[in-house]
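J.: Sharing a structure, written as structure tokens. Questions coming.
The values are calculated or read from the model by the stated rules, or taken from the named source; none is laboratory data. Since the structure is predicted, the reported quantities are computational estimates derived from the model, not experimental observations. FYI the Cβ positions are ideal-geometry reconstructions off the backbone, even for glycines, and counts take in every protein chain you see.
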Amino acid sequence: MAAPVVELTPALRPWPETLRALWHRREIIGYLAWRDIRARYHQTVLGATWAIVQPLAATVIFALVFERLIKVSSKDTPYPVFVLSGLLPWQFVATSIQRSSLSLLANSAMIKKVYFPRLAMPIAAVVTTLVEFAAACVVLLGLMLYYRVAPTAWLLLLPAMMLLGAGVSLGIGLLLAGVNCRFRDATHAVAFLLQMWMLLTPIVYPLSLVPEPYQLYLRCNPMTGVIGGFRTALLGQEPDGTALAASAAFAALFLVVGGAVFRRAERVAADLL
Amino acid sequence: MSEPAVVVERLSKRYRIPAARAAGGSWLSRVPKVVGRSQDLWALRDVSFKVAPGEVLGIIGRNGAGKSTLLKVLSGITSPTCGRAVIRGRVSSLLEVGTGFHPDLTGRENVYLNGALLGMSRAEIRRKFDAIVSFAEVEGFLDAPIKHFSTGMQMRLAFAVAAHLEGEILVIDEALSVGDAAFQAKCVEAMAAARSSGRTVLLVSHNIGVLRGLVGRAILLNEGRLEADGPMQEVFGRYMASGQDVAEIDLRGYAHRDGTGEARIERLVLLGPAGNPTNHVPVGGPLHLRFRVRFARVIGEPQFIVRIYSPEGEALVDLQGRHDGLSVGRASGAYDVDVRVESLGLYPGRYLLSLWACDRTLRRVLDCAEHCATLVVDPGDPTGRGIRLNPQFGRFFVPSRWSVRTADRPRPLEPVGA
């Protein structure tokens, strides 16, 4: 076997080469994700149960406030099932964005001392969150069982919907991780913007509650498609083509722009962090 | 096979240091920092060299000369600003021992994580796992979180992983010079094994003693430029010659230093017997040096060290304040420290001095001015017999008493009690 020849130059490495290198070292993604999960729940009494407790508690609170006090109607779906089926994908995307945007900062000690494909870090952040999301889905299944909500054939679309959510969060995460290398301001902006964004996404209220003229704006929100898609897959709601298309378009756009920003940042990350 | 393993062509690396912002400025005053106004620092400038397969190349130079930057570029950690490097073969680079070690993970888990980061596949680590563990001598602790390991155990485990890397090209920083003597010996052994297995090694070290045994050829970097490239001894001679050959040295702008910055060694004077500044001492003559240290904050019982290095970079003389019971108490502000050696027994030649200010445990270096002065030992007449000491045969003049008697014929016993 011929020895690999690597040329180190100031030029950006072409995308195919970058992705090939990532594929070659893909095991690192698993190791980083597994390290984060192990470290996060190490020395906790409840361990991974924490991933379940949080959405469960949130569901109870939202059900009390929105269903009992404000009387938000989720039509034929029981409200707790409705709200949890929105909260889980939202949490997956929001947490993924937060973690992946901080992934370079969090691993800066490693970045300065060893080379490995830098893309592995934001991707591992999304994978970590996906594992926690899968654990939390157990609660949703329990709730569906309790309220006798049966899944439909749409369930087959679940992987595609999760991929969509992962695409949106990785795209934004890459963009922010790149920006974070130079301007830490991004860290502060993210938490605040995510809160605003949550309110503008039909999570605790159905889209139909929004006055007709504004619905189109909300459907262009990339998260509307992700949340709606998840509800389609699990609860069998009619899919919203416009919202899904908007989500997919945004995911692609974010991945391209975020990827470009990230690639420029990763070359100097070791110098800036 | 005749193609070089590493080709470096006019490699340059620029760091942009943002201009310091005026203290207490409004947020508007930070904008220029973002937009521009930065200082350029060329950590590497037009560096070119080649390394043949199987060659062991030493990289020497003072702190800040660009050695670490060179290794970072060659490892792919950071990209060059201009120029290029071509590397033929799989690179295993080791700039730090235990990169990515997580205190909450077990020894076993950390071996896999660290190995993966250094470029090993899971199958490769599994295959070598037992060898790694026995090399590290940590059997029986593998499933405990490594935060319960002693530092020594962590170091051994980390080095064991690194010692089992398979790349054709090894890029190693002097990170390895930590640990106790036995551990260091193990590191050197492993590097010698890498050399004899025909691998290409690029090795940065301050410990020239280590380099001498392993390295045939060396390059010397100075302020980012390649200053010499050739046989180790020759290049090291150049390195030594670049020391400052003066008796009074202002160290405030001295770049080759280390430490936390909690103290600053500001100046050094070498004094002759009459109190005159001179950096020439005859063999067996007195050495008197005085340096000023300024502390940026209060430090309890700071320690001072002066070391004298041979032309080969070996530490020969280790003078420490505590050897003489020096106690400063709670130090703040500036101090002049005087060190007097009654009779310096070094053989004639040129030597380098390094100064340290450390905390009370010597573990934390507050400041270190490395190889900041040249000391010239002139041929004197320590024997009083007009004999020239030849540095080829020894390093230290140690006064000794000699006597002789014939062994051929037993001497008559002297009468007892006579």
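J.: For the range B:110-130, what are the residues that are more than 20 Å from A:R118 (Cα to Cα) and at pLDDT below 90?
T.: none
J.: Still on this structure, I have one more. Assuming A:R219 fulfils every condition listed in (1) under 29 Å from A:L273 (Cα atoms); (2) in contact (Cβ under 8 Å) with a residue 24 or more places away in the chain; (3) among the charged types (D, E, K, R) apart from one, which condition is it?
T.: A:R219 satisfies all of (1) under 29 Å from A:L273 (Cα atoms); (2) in contact (Cβ under 8 Å) with a residue 24 or more places away in the chain; (3) among the charged types (D, E, K, R) except (1).
J.: Of the conditions (1) assigned by TED's automatic domain parsing to the domain that holds B:G321; (2) modelled with pLDDT under 90, B:V341 satisfies every one except a single condition; which number is it?
T.: (2)
J.: Still on this structure, please answer the following. Enumerate the pairs (first residue in the range A:238-258 and at pLDDT below 95; second residue anywhere and surrounded by fewer than 15 Cβ atoms within 10 Å (Cβ to Cβ)) with beta-carbon separation below 8 Å, excluding pairs fewer than 6 apart on the same chain, so at least 6 apart or on different chains.
T.: Between residues of the range A:238-258 that are at pLDDT below 95 and residues that are surrounded by fewer than 15 Cβ atoms within 10 Å (Cβ to Cβ), the close pairs are A:T242/A:L216.
J.: Residues being within 14 Å of another protein chain (Cβ to nearest Cβ) and surrounded by 14 or more Cβ atoms within 10 Å (Cβ to Cβ): count how many of those fall in the range A:183-204.
T.: 1
J.: Kindly check whether there is at least one residue in the range B:398-412 that is at pLDDT below 80, within 30 Å of B:D250 (Cβ to Cβ) and part of a loop (DSSP other than H, G, I, E, B).
T.: Looking through the range B:398-412, none of the residues is at pLDDT below 80, within 30 Å of B:D250 (Cβ to Cβ) and part of a loop (DSSP other than H, G, I, E, B).
J.: Regarding B:K72, is this residue closer than 30 Å to B:E9 by Cα and more than 10 Å from chain A (Cβ to nearest Cβ)?
T.: So B:K72 fails the test.
J.: Looking at A:T152, is it under 18 Å from the mean Cα position of the chain (by Cα) and more than 14 Å from chain B (Cβ to nearest Cβ)?
T.: no
J.: Ok, one more. B:E266 fails exactly one of the following numbered conditions: (1) in a strand (DSSP E or B); (2) closer than 30 Å to B:G386 by Cα. What is the number of that condition?
T.: (2) is the only condition that B:E266 fails.
J.: Inside the range A:1-104, counting only helices (runs of 4 or more DSSP H) that do not spill past its ends, which hold 3 or more residues that are surrounded by 21 or more Cβ atoms within 10 Å (Cβ to Cβ), modelled with pLDDT of 90 or more and within 12 Å of another protein chain (Cβ to nearest Cβ)?
T.: Because the criterion is at least 3 residues that are surrounded by 21 or more Cβ atoms within 10 Å (Cβ to Cβ), modelled with pLDDT of 90 or more and within 12 Å of another protein chain (Cβ to nearest Cβ), the helices (runs of 4 or more DSSP H) in the range A:1-104 that meet it are A:27-41.
J.: Continuing with the same structure: Mind checking which residues of the range B:289-346 are over 22 Å from B:T260 (Cβ atoms) and outside any strand (DSSP E or B)?
T.: B:S310, B:P311, B:E312, B:G313, B:E314, B:H323, B:D324, B:G325, B:E342, B:S343, B:L344, B:G345
J.: In addition: Only one residue in B:G140, B:G64 is farther than 24 Å from B:M191 by Cα, surrounded by 19 or more Cβ atoms within 10 Å (Cβ to Cβ) and away from chain A (no Cβ under 14 Å), so which one is that?
T.: Unique residue meeting the criteria: B:G64.
J.: Right, here's the next one. What pairs can you find where one residue is in the range B:322-351 and on the phi > 0 side of the Ramachandran plot, the other is outside any loop (DSSP other than H, G, I, E, B), and their Cβ atoms are less than 6 Å apart, with a gap of 6+ or different chains?
T.: Cβ pairs passing all conditions: B:G349/B:V377.
J.: I'd like to know if the range A:174-189 contains one or more residues that are modelled with pLDDT of 90 or more, among the basic types (K, R), outside any helix (DSSP H, G or I) and within 30 Å of B:V97 (Cα to Cα).
T.: No, the range A:174-189 contains no residue that is modelled with pLDDT of 90 or more, among the basic types (K, R), outside any helix (DSSP H, G or I) and within 30 Å of B:V97 (Cα to Cα).
J.: Okay, moving on. How do the pairs read when you match residues in the range A:145-174 that are among the aliphatic types (A, V, I, L, M) with residues anywhere that are surrounded by fewer than 13 Cβ atoms within 10 Å (Cβ to Cβ), using Cβ under 9 Å and keeping only pairs 6 or more apart or on different chains?
T.: Cβ pairs passing all conditions: none.
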